[in-house]
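Below you'll find the structure, written out as structure tokens, and then a few comments.
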Amino acid sequence: YTGAFTENEILALMAELARLWREELISFETYAYIHLLQTTARRPIQIRHLKFEDLRKEISQGTWNYFLNIPSAKKLAITEDLYLILLNFMEYQYKKLLSLVDETFISGYKMKLPVFIDWSCLKKNIKNRNFDLSLLDKDIFHYSASSLEQNALRKFCIHQKAISERTGEIIHVTARRF
């Protein structure tokens, strides 16, 4: 089936996402990516360009508001849940990076890091626990849209067993259907 998911299909998919995460059948990257797709309905090409600095929290009249600056789109209001998932995922990514480079070298550039890091490309550029920081201004360390599809979405698709109330079959998941 093609087209947007029904409300019941979204609920079934989110229940499956929670189950797969709880049972450790998917990575944190997959968990964060699927939540991001579901919540924002943005294209993978826009999501791949996200950097740490794009996640924002602002206070207005005593209330916290959460935003995501999606490239090629306006500032998007997001839920506190998605904010916390992305914040924790970015900390996870940063700690992983610190196992490869010195913190004193990267700490001033943390907010320029891509949310979804192409680790193989990054590792090829590291020499003596450093890399050319000017590369953070390019998208060389961002996953490509097809890599996101292969490394995050596909892993969810393989394991998820959510059933569509329309077809009675396992829901066919693509990024565009969100």
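For the chain, a simple Cβ point-charge model (Lys and Arg +1, Asp and Glu -1, everything else neutral) yields a dipole of about 440 debye relative to the Cα centre. Among the trypsin sites (Lys or Arg not before Pro) in the range 132-162, those placed in a DSSP loop whose Cβ has at most 16 other Cβ atoms within 10 Å are Lys138, Lys161. In the elastic network of the chain, a GNM with C-alpha springs shorter than 10 Å, the most mobile of Leu148, Leu84, Leu113 is Leu84.
Which whole-number value in Å³ per residue fits the convex hull of the alpha carbons of the range 1-91? Let's see the in-between values first.
Numbers: hull volume 11.9 nm³, N = 91.
Convex hull of Cα atoms, per residue: 131 Å³.
Any idea of the accessible area per residue across the chain, 1.4 Å probe, to the nearest Å²?
Values: 9770 Å² over 178 residues.
On a per-residue basis, 55 Å².
Cross-link reach is defined here as a Cα-Cα straight distance under 25 Å, omitting same-chain residues fewer than 8 places apart; for Lys124 the lysines meeting it are Lys51, Lys95, Lys96, Lys110, Lys112, Lys138, Lys155. So what's the back-of-envelope 222 nm ellipticity for the chain, counting only DSSP H runs of four-plus at -39500 (n - 2.57) apiece and dividing by all residues, rounded to 500? Rounded to the nearest 500, it is -12000 deg cm²/dmol. Highest mobility in the GNM of the chain, judged by mean-square fluctuation with C-alpha springs under 10 Å and restricted to Glu24, Glu53, Glu80, is found for Glu24.
Shown here: the range 36-159, whose C-alpha atoms stretch 46, 38, 26 Å along the first, second and third principal axes, sorted largest to smallest.
The values are calculated or read from the model by the stated rules, or taken from the named source; none is laboratory data. Keep in mind the model is a prediction, meaning the values are calculated, not measured. Cβ atoms come from the backbone with ideal geometry, glycine included; neighbour counts cover every protein chain shown. What goes into the accessible areas is simple: the full protein's heavy atoms, side chains included, and nothing from ligands, DNA or RNA. Shrake-Rupley method; radii C 1.70, N 1.55, O 1.52, S 1.80 Å.
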